[in-house]
Amino acid sequence: MYGDMMKNLIKKAAKDIAAAKRITALTGAGISVESGIPPFRGKNGLWEKIDPMKYAHIDYFLQNPADVWNKFLKEMRSVISQAQPNDAHRGLAKLEEMNLLQTVITQNIDGLHQMAGNTDVIEFHGNFAWLRCLECNAVCQIGDADLSEIPPKCSCGGLYRPDSVFFGEMIPPLHLKRSHEIASACDLMLVVGTSALVQPAALMPVIARNSGAKIIEINPEATPLTGSTSNYLLMGTAGEIMNNIITELEGIAA
Ligand code: NAD
Ligand code: ZN
């Protein structure tokens, strides 16, 4: 179904992956689109319904938590709780199983990489599976939270927030530090389904490239990394491209 140029690029990617010694993946919302979770930007993105720079911003959440819960967080919760890993998540888990991938740095908060089987996942923006009380810091699994009253509250009366990073907040320093280390130590980075517009996550491929790594992008659209930071772009959906790469790699290994 792909043209010759794409087939050759997939072969090239498989060869590069097989030859690399330390591979890292950086993933974004696009890798979970085929699991039914809408991204922020791009086609069918949340952006078409709400402005994430407002609803996913800490300042607005603190001003109007009920509005953020009603228009954004409730829906994210129901979408994420039903989502299962797709072929792209499974492909990255398979790469780890084949000893070809060490670490996944993800901007996603959906937990699907761990569910697929990757064991070293840096959740750059935290995880949406947990809520944290703004008053006493107690955590609660989002599935156990009582959402009959919005915004949901802890037993101490404090407000629950998702234990993930809002725009306007810092990346947990340990995650940031380790991501820097991993990005500068890898010799190949797979950049899957990220628009590369959200900082500082988008810096990781730049750090990797400056340290001599090859950067392979998988995305149906070009990004600011394309043609500069990335060596090449495999243009297509993450699940299908990953399946083709794995098939190719199994051919090399056989
Ligand atoms: P983004 O929404 O800015 O960009 C999504 C990217 O995915 C685009 O470049 C788009 O072309 C690409 N894409 C769309 N469909 C794809 C597919 N089938 N296969 C591969 N790529 C596809 O996402 P971002 O760069 O991750 O940044 C947005 C922020 O939103 C992140 O910080 C993340 O934390 C958060 N977010 C997370 C989730 C999630 O956890 N699944 C969902 C929405 C937003
Ligand atoms: Zn509390």
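The values are calculated or read from the model by the stated rules, or taken from the named source; none is laboratory data. Just so we're clear, the structure is a prediction, and the values are computed from it rather than from any experiment. Cβ sites come from the backbone with ideal geometry, for glycine too, and all protein chains shown count toward neighbours. The protein model used for the area step is the full one, side chains on, heavy atoms only, and it has no ligands, DNA or RNA in it. Shrake-Rupley method; radii C 1.70, N 1.55, O 1.52, S 1.80 Å.
Here are the numbers:
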read-out: Residues (open to solvent by less than 30 Å² (accessible area, probe 1.4 Å) and assigned to a helix (DSSP H, G or I)) located in the stretch 95-113; value: Leu95, Leu112, His113
read-out: Tally, over the stretch 50-94, of residues that are closer than 28 Å to Val121 by Cβ, out of contact with any helix residue (DSSP H, G or I) (no Cβ under 7 Å at 6 or more places or on another chain) and part of a helix (DSSP H, G or I); value: 11
read-out: Some residue of the stretch 216-227 being open to solvent by 10 Å² or more (accessible area, probe 1.4 Å), of a type in the set (Gly, Ala, Ser) and either in the same structural domain as Leu95 (by TED's automatic domain parsing) or modelled with pLDDT of 95 or more (or both); value: yes
read-out: Selection status of Ile142, within 16 Å of ligand 1 (Cβ to nearest atom), outside the structural domain of Asn244 (by TED's automatic domain parsing) and closer than 28 Å to Gln199 by Cα; value: yes
read-out: The stretch 142-159 residues that are over 17 Å from Leu62 (Cα atoms) and free of Cβ contacts under 8 Å to residues at least 60 places away in the same chain, paired with ones that are aliphatic (A, V, I, L, M) and more than 8 Å from ligand 2 (Cβ to nearest atom) (beta carbon under 6 Å, 6 or more apart); value: Ala145/Leu131
read-out: Residue that is farthest from Phe128 (Cα to Cα) [pool: residues in the stretch 21-60 that are open to solvent by less than 20 Å² (accessible area, probe 1.4 Å) and in contact with a strand residue (DSSP E or B) (Cβ under 6 Å, 6 or more places away or on another chain)]; value: Ile23
read-out: Which numbered condition Ala116 fails, given (1) out of contact with any strand residue (DSSP E or B) (no Cβ under 8 Å at 6 or more places or on another chain); (2) open to solvent by 50 Å² or more (accessible area, probe 1.4 Å); value: (2)
read-out: Single match in Ala129, Ala183, Ala201 (criterion: open to solvent by less than 10 Å² (accessible area, probe 1.4 Å) and not in a loop (DSSP other than H, G, I, E, B)); value: Ala183
